[in-house]
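Asks: The structure is given below, and queries will be raised subsequently.
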Amino acid sequence: MATIALPGTETAVQPVDVAARHRRGGRGGTSGKAGPVTYVLLVVSAILSIFPLYWTIVAGSHTNAEIAGSPPPFLPNATIVENIKLALEQAPIGKAILNSIIVAGSITVGTVLCCTLAGFAFAKLQFRGRGLLLSLVVGTMMVPVQLGVIPLFMLIAQLEWVNQLQAVILPTRVSAFGVFFMRQYLVSALPNELLEAGRVDGASTIRIFWSIVVPVARPAMAVLAMLTFLTAWNEFFWPIIALTESNPTVQVALAGLGSGYVPQRAIIMAGTLLGTLPVLIVFAFLGKQIVGGIMQGAVKG
Amino acid sequence: MATVTFDQATRIYPRAERPAVDALDLAIADGEFLVLVGPSGCGKSTSLRMLAGLEEVDAGAVRIGERDVTDAPPKDRDIAMVFQNYALYPHMTVGENMGFALKLAGVRKSEIATRVTEAAKILDLSDYLERRPKALSGGQRQRVAMGRAIVRSPQVFLMDEPLSNLDAKLRVQTRTQIAALVQRLGTTTVYVTHDQVEAMTMGDRVAVLKDGVLQQCDTPGALYDRPANVFVAGFIGSPAMNLVTGDAVDGGVRVGSAVLPVPRDQLDRAAAGNGRVTVGFRPESMHQVGPGEGIPVLVTVVEQLGSDAYLYTKLAGEGADDVLHPSDVVVRTDPRTAATAGQQLWLGVREGALHVFDASTSQRVD
């Protein structure tokens, strides 16, 4: 499974409060220079974050016996190319990656769009039953996914969607967490005056959403997109129920990899490495959208 | 250009005990600059937002020209608004900010460019059209907010404390610029402020509100010379008018040990309520009189301003404690002959400069 640590993304999207930062001030806070302790801590966390990926490459280029040896190998070698070829032969990894991109991509686009719309409505529009509806949405987060699997599978079977991609896309098109996350961001980051200025300027609610809310919400949307894409990419439980190895996502395909009497870890790791690359690319792209100070200059104060 | 009419317009916030704006009646002439002024929470911003369509009107009506806009959405009212915190779109350049409304209205691109350039020239923003709001100073942002309003050539300008975020010097400067600009454009303007100096200097007429109720609406001069009630008398003018409540006695109103002369007829009507009368006199209408002749006071603080000096004094002598509103009596004097702290003075009020109010109703009596 691909796992990537995301240190600090939660705090990065908060609107930058310069005054508060100055107030906290403290040692080295105002000078902007970090001390050696900070550097050591950052280097250690960087190593800890990168190591699993590095180990995937190392383990992907050695046999079971070599990895189990003492001391274990610390450098990768060219065998990984061989192992990647083997992995591609054993499972339809190319198709799986394409499927996963379609699945995770659709889920991400749908979730970010719907959650931003709903979050905006809950944060800034006045309507009857707003509080109750939001509680209901948040309440659904407490229902475990496992409870719904059997009825969900029956529904999907009735629709004759088993082993089709929409079976894994549609059930997770909107997430309660995303709605709540976007609402929390927009409540504080989007000043009411900006919406009122839009209304006075003659914009309809939909126009305000596209021209004012979305640009302001962009950093939070990027974070939500990252989290959603990662979750969708790593999803295993429901896809392995709804799909088969003939039309798999990456995780379903990896489950069938190297499975003999003794699992061949090198091949599994080589496959995993392949399955991780698209996630890395998505993260590099979305990371650029997380920019501080997006609201700077909008309102005084 | 258009007139603006508030006809018994009322706004009651959900779960509020009293209306935020209570049966507001106001007729604003075409091209007039009207200022709504009052302490915070008096309903001045709410009134403006009702005119903008950002606040519901619970009773009564709001009209722009002949058109009833009570239930019309903001975009159908042909108004432009300047917000206290400017509310600039952070992701758009200055030019895009100013042209956004025109773009929404489907105006041609070349036409938008012409109008934005023209407005930018008037506001001295030509060099900044490509910048984002965050790269501008406070004063420049304020001008962009103004520019966003003027490019639209709306029927009415609405301004909600547009100067309160500027520093003192820039505020005075911008105040003059806005007044000149609006006069040149000749557009009907409703301007909200809590600063009575701003209200007096900018408005053709000033409407004073308190607790959602209109107290008086008149020209700055008339508000100053003939305040309709005790609240307006105390609110307009800086330093504020001295207001003292005392018993009506033969020949006038007793203030401490002195009696301020009030004509018989006026005194009778003012004292009709509970026998007490509130009198007001402005700092500049006081003069020093000989010992024992006027109101005895003790000077506590002297403020030297160069052009003037203000004496802050306390009522002294017999009966000083019986007087209601026992606050300082402020006197404006010549800075070169000003008294010193601790000195005892006797003060008289210039003839015809005494304002008389019924103490039970707070209303002016002439």
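Asks: I need the full set of residues from region A:18-48 which are of a type outside the set (S, T, N, Q) and at pLDDT 85 or above, in order please.
Replies: A:Gly35, A:Pro36, A:Val37, A:Tyr39, A:Val40, A:Leu41, A:Leu42, A:Val43, A:Val44, A:Ala46, A:Ile47, A:Leu48 - these are the residues of region A:18-48 that are of a type outside the set (S, T, N, Q) and at pLDDT 85 or above.
Asks: Being within 14 Å of another protein chain (Cβ to nearest Cβ) and of a type outside the set (Lys, Arg) is the requirement here; does A:Asn234 meet it? Lay out the reasoning, then the answer.
Replies: Details: within 14 Å of another protein chain (Cβ to nearest Cβ): no; of a type outside the set (Lys, Arg): yes.
For A:Asn234, the condition - within 14 Å of another protein chain (Cβ to nearest Cβ) and of a type outside the set (Lys, Arg) - is not met.
Asks: Checking the conditions here, which among B:Asp247, B:Asp268 is farther than 30 Å from B:Thr193 by Cβ, exposed (fewer than 14 other Cβ atoms within 10 Å of the Cβ) and of a type outside the set (A, V, I, L, M, F, W, C)?
Replies: One residue alone meets the criteria, B:Asp268.
Asks: Among the residues of region B:63-81, count how many are more than 11 Å from chain A (Cβ to nearest Cβ) and farther than 12 Å from B:Leu158 by Cβ.
Replies: 9
Asks: Still on this structure, please answer the following. Here are B:Arg175, B:Arg132: which of them is within 13 Å of chain A (Cβ to nearest Cβ) and touching a helix residue (DSSP H, G or I) at 6+ places or on another chain (Cβ under 8 Å)?
Replies: It is B:Arg132.
Asks: Hey, another quick one. Every residue in region B:98-119 that is within 14 Å of chain A (Cβ to nearest Cβ) and among the hydrophobic types (A, V, I, L, M, F, W, C), please.
Replies: Within region B:98-119, B:Met98, B:Phe100, B:Ala101, B:Leu102, B:Leu104, B:Ala105, B:Val107, B:Ile112, B:Val116 qualify.
Asks: Any idea which of B:Val297, B:Val262, B:Val279 is over 30 Å from the mean Cα position of the chain (by Cα), modelled with pLDDT of 85 or more and of a type in the set (A, V, I, L, M)?
Replies: B:Val297
Asks: Here is a further query. For B:Pro14, indicate whether it is surrounded by fewer than 22 Cβ atoms within 10 Å (Cβ to Cβ), in contact (Cβ under 8 Å) with a residue 12 or more places away in the chain and at negative phi.
Replies: no
Asks: Go through (1) touching an Asp or Glu at 6+ places or on another chain (Cβ under 7 Å); (2) within 28 Å of A:Leu224 (Cβ to Cβ); (3) of a type outside the set (S, T, N, Q) and name the single condition A:Pro73 misses.
Replies: (2)
Asks: Continuing with the same structure: Could you pull out the residue among B:Val182, B:Val144, B:Val151, B:Val192 that is open to solvent by less than 40 Å² (accessible area, probe 1.4 Å) and closer than 23 Å to B:Ala23 by Cα?
Replies: Just a single option satisfies the conditions, and that option is B:Val192.
Asks: Same structure again: Of all the residues that make up region B:129-165, how many are under 20 Å from the mean Cα position of the chain (by Cα) and touching a residue at least 60 places away in the same chain (Cβ under 8 Å)? Before you say what the answer is, go through the steps one by one.
Replies: Residues of region B:129-165 under 20 Å from the mean Cα position of the chain (by Cα): B:156-165.
So of that shortlist, the ones also touching a residue at least 60 places away in the same chain (Cβ under 8 Å) come out as B:156-162, B:164-165.
Here the count works out to 9.
Asks: Looking for whichever is small (Gly, Ala, Ser), open to solvent by less than 20 Å² (accessible area, probe 1.4 Å) and within 10 Å of another protein chain (Cβ to nearest Cβ) here; the options are B:Gly43, B:Gly139, B:Gly53, B:Gly38. Which one fits? Spell out the reasoning first.
Replies: Numbers: B:Gly43 fails: within 10 Å of another protein chain (Cβ to nearest Cβ); B:Gly139 fails: within 10 Å of another protein chain (Cβ to nearest Cβ); B:Gly38 fails: within 10 Å of another protein chain (Cβ to nearest Cβ).
Answer to the check: B:Gly53.
Asks: Can you name the residue in region B:174-218 that is under 11 Å from the mean Cα position of the chain (by Cα) and hydroxyl-bearing (Ser, Thr, Tyr) and, of all such residues, is farthest from B:Asn85 (Cα to Cα)?
Replies: Result: B:Thr201.
Asks: Sticking with this one: Could you give me the residue pairs with C-beta distances under 9 Å whose first residue belongs to region A:185-202 and is facing chain B (nearest Cβ under 10 Å), whose second residue is among the polar types (S, T, N, Q) and open to solvent by less than 30 Å² (accessible area, probe 1.4 Å) wherever it lies, and which are 6+ apart or on separate chains?
Replies: Close Cβ pairs (under 9 Å, with a partner that is among the polar types (S, T, N, Q) and open to solvent by less than 30 Å² (accessible area, probe 1.4 Å)) amount to A:Pro191/B:Asn85; A:Glu193/B:Asn85; A:Gly198/A:Ser211.
Asks: Additional query: Are there helices (runs of 4 or more DSSP H) fully within region B:215-272 with at least 1 residues that are touching a Pro at 6+ places or on another chain (Cβ under 6 Å)? List them.
Replies: Values: elements: B:220-225, B:230-235, B:264-270.
Helices (runs of 4 or more DSSP H) meeting the threshold: B:230-235.
Asks: Can you work out which of the residues in region B:135-153 that are small (Gly, Ala, Ser) and outside any helix (DSSP H, G or I) is farthest from B:Ser164 (Cα to Cα)?
Replies: In the first step, residues of region B:135-153 are kept if they are small (Gly, Ala, Ser); the result is B:135, B:137-139, B:145, B:147, B:149, B:153.
After this cut, where a residue has to be outside any helix (DSSP H, G or I) as well, the list is B:137, B:153.
Values: B:Ser137: 15, B:Ser153: 24 Å.
Here the answer is B:Ser153.
Asks: Still on this structure: Could you say whether any residue in region B:163-184 is in contact with a strand residue (DSSP E or B) (Cβ under 9 Å, 6 or more places away or on another chain), of a type outside the set (Lys, Arg) and outside any helix (DSSP H, G or I)?
Replies: Yes.
Asks: Just to be sure I understand, how many residues within region A:78-105 are of a type in the set (Gly, Ala, Ser), assigned to a helix (DSSP H, G or I) and either open to solvent by 40 Å² or more (accessible area, probe 1.4 Å) or within 17 Å of A:Phe180 (Cα to Cα) (or both)?
Replies: Looking only at that region, the number is 1.
Conditions tested, residue by residue: (1) more than 14 Å from chain A (Cβ to nearest Cβ); (2) open to solvent by 50 Å² or more (accessible area, probe 1.4 Å).
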position: B:Phe83; (1), (2): no, no
position: B:Pro90; (1), (2): no, no
position: B:Glu96; (1), (2): no, yes
position: B:Lys121; (1), (2): yes, yes
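Asks: On to the next question. Test A:Val138 against the criterion of being farther than 22 Å from A:Leu254 by Cβ, β-branched (Val, Ile, Thr) and in contact (Cβ under 8 Å) with a residue 40 or more places away in the chain, and give yes or no.
Replies: yes
Asks: Another question about this same structure. Considering every residue within region A:49-70, establish whether at least one is closer than 18 Å to A:Thr276 by Cα, modelled with pLDDT under 85, crowded, with 16+ Cβ neighbours inside 10 Å and not basic (Lys, Arg).
Replies: Taking region A:49-70 first, the residues closer than 18 Å to A:Thr276 by Cα are A:49-61.
Checking which are modelled with pLDDT under 85 leaves us with none.
So far as region A:49-70 goes, no, none of its residues is closer than 18 Å to A:Thr276 by Cα, modelled with pLDDT under 85, crowded, with 16+ Cβ neighbours inside 10 Å and not basic (Lys, Arg).
Asks: Restricting to region A:144-153, name every residue that is open to solvent by less than 90 Å² (accessible area, probe 1.4 Å) and closer than 25 Å to A:Leu117 by Cβ. Steps first, answer last, please.
Replies: First pass over region A:144-153, keeping only residues open to solvent by less than 90 Å² (accessible area, probe 1.4 Å): A:144, A:148-149, A:151-153.
Within region A:144-153, A:Gly148, A:Leu152 qualify.
Asks: Test B:Leu48 against the stated conditions and say whether it is modelled with pLDDT of 95 or more, closer than 23 Å to B:Pro162 by Cα, open to solvent by less than 50 Å² (accessible area, probe 1.4 Å) and aliphatic (A, V, I, L, M).
Replies: Yes: the conditions hold for B:Leu48.
Asks: State all residues of region B:335-355 that are in contact with a Leu (Cβ under 9 Å, 6 or more places away or on another chain), over 26 Å from B:Gly306 (Cβ atoms) and in a loop (DSSP other than H, G, I, E, B); if no residue qualifies, say none.
Replies: Answer for region B:335-355, where residues must be in contact with a Leu (Cβ under 9 Å, 6 or more places away or on another chain), over 26 Å from B:Gly306 (Cβ atoms) and in a loop (DSSP other than H, G, I, E, B): just B:Leu354.
The values are calculated or read from the model by the stated rules, or taken from the named source; none is laboratory data. Just so you know, these numbers come straight off a predicted model, no measurement behind them. FYI the Cβ positions are ideal-geometry reconstructions off the backbone, even for glycines, and counts take in every protein chain you see. Ligands, DNA and RNA are excluded from the accessible area calculation, which covers all protein heavy atoms including side chains. Shrake-Rupley method; radii C 1.70, N 1.55, O 1.52, S 1.80 Å.
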